[in-house]
Amino acid sequence: MPSEPEVPHAPEGAACAEHPERTAHFTCPRCGSFACVTCWHPAVSRCTRCLRNDPTEAAPPIAWEQAGRSLPARYLATLASALSPRRSAPAFAHPDVRAAQRFALLSAAPFALLAGIIPHTRSLLFKGNLQVEVLGNAGATEIALDVLRAAGIQLTVTLVELFALLLPFMSLVRAYAPGKQHAAARVLYYRLWMRPFTWLLLYAAVWLLPETAPNAPGPAMALLMTLDVLRALVAPVLLFIAMGATARMACGLGPVVSLVVVTIPAVLLFVVQGLLQLGIDRLLPPLAAAAAGAG
């Protein structure tokens with residue numbers, strides 16, 4: 001596997017091109033300018049000045065927007081790019097928001113619809129080993145409507161979470177970097193799928209694996225705990241890193257401002273998620289109560 005080219009260090013005593021009062025540590029291979037730690041972006045080997053001039057030149061285009069590749073290849077490659085949020089961030093500076101919206105419809109929407117069936121359906125009880133129990137005397141029509149409602153609930157939750165992030169993030173980026181708000185929209189449309197997908201993985205594993213007693217050790221419980229960490233921690237961290245890197249590299253904001261424009265939407269999302277859970281708890285009876293009532 002070929003090694004990445006070594007980034008040249010700045011000569012001793014050199015000053016940063018953006019901050020003359022600071023010592024430079026790197027030399028940008030594109031423009032030759034000296035950069036301090038703050039002005040250097042190791043994920044794309046560019047200085048802040050180069051990213052400000054042309055962010056999209058620093059990273060390959062989003063795979064979904066590469067017309068020469070097959071649709072499945074573009075789709076899967078775009079999903080995989082979420083694992084390198086800093087490397088792909090400059091490409092969000094491209095103005096094509098509609099392509100990002102189409103990707104969200106083909107990724108986040110179906111994942112959300114599927115993710116809602118197991119937790120929100122009240123006429124069916126999904127058990128381990130792919131077992132499904134019909135609760136009460138629910139007929140085919142009642143079950144179908146219940147499944148549609150369950151899928152719609154999770155889709156609604158995903159859309160509300162999207163707007164809880166999108167509206168403040170775009171507004172803040174517009175305020176600090178006028179004309180760059182499309183990058184804020186693109187990163188969320190391209191990365192929205194992660195949360196419903198991780199929910200889907202967790203619930204699918206609960207249904208697929210043998211039933212395990214709470215806190216009982218074993219491979220099944222270890223897998224479920226891993227998937228729960230992926231849902232609760234890894235996916236949100238990757239999303240917020242992508243948002244911060246986009247604000248920094250695609251919109252040209254400084255490190256402090258980038259932190260601010262990500263933190264405010266993140267706090268709002270946390271509040272909204274709590275309210276959504278309260279609403280779902282009021283709308284749907286607990287599974288245990290639904291099973292007891294059906295019996």
Inset, instruction - Pick out the one residue from Glu12, Glu65 that is acidic (Asp, Glu) and touching an Asp or Glu at 6+ places or on another chain (Cβ under 7 Å). - result: Glu65
Inset, instruction - Give just the number: which of (1) small (Gly, Ala, Ser); (2) assigned to a loop (DSSP other than H, G, I, E, B); (3) free of Cβ contacts under 8 Å to residues at least 60 places away in the same chain does Gly136 not satisfy? - result: (3)
Legend entry - When residues of the range 95-130 are limited to those that are surrounded by fewer than 19 Cβ atoms within 10 Å (Cβ to Cβ) and polar (S, T, N, Q), the one farthest from Leu276 (Cα to Cα): Asn129
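Residues to consider are Arg22, Arg46; find the one that is surrounded by 14 or more Cβ atoms within 10 Å (Cβ to Cβ), closer than 24 Å to Asp96 by Cα, at pLDDT 90 or above and outside the structural domain of Gly244 (by TED's automatic domain parsing).
Working: Arg22 fails: closer than 24 Å to Asp96 by Cα.
Just a single option satisfies the conditions, and that option is Arg46.
Filter the range 97-133 down to the residues that are assigned to a loop (DSSP other than H, G, I, E, B) and polar (S, T, N, Q), then identify the one that is nearest to the chain's Cα centre (by Cα). Give the derivation first.
Here is the first cut: in the range 97-133, the residues assigned to a loop (DSSP other than H, G, I, E, B) are 116, 121-123, 128-130.
Within this subset, residues satisfying the condition of being polar (S, T, N, Q) are 121, 123, 129.
Details: Thr121: 25, Ser123: 31, Asn129: 30 Å.
So the residue we want is Thr121.
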Inset, instruction - Return only the number of the condition from (1) over 25 Å from Trp40 (Cβ atoms); (2) assigned to a helix (DSSP H, G or I) that Ser258 does not satisfy. - result: (1)
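The values are calculated or read from the model by the stated rules, or taken from the named source; none is laboratory data. The structure displayed is predicted, hence computed values, not measured ones. Note: ideal-geometry Cβ built from the backbone for every residue, glycine included; neighbour counts use all protein chains shown.
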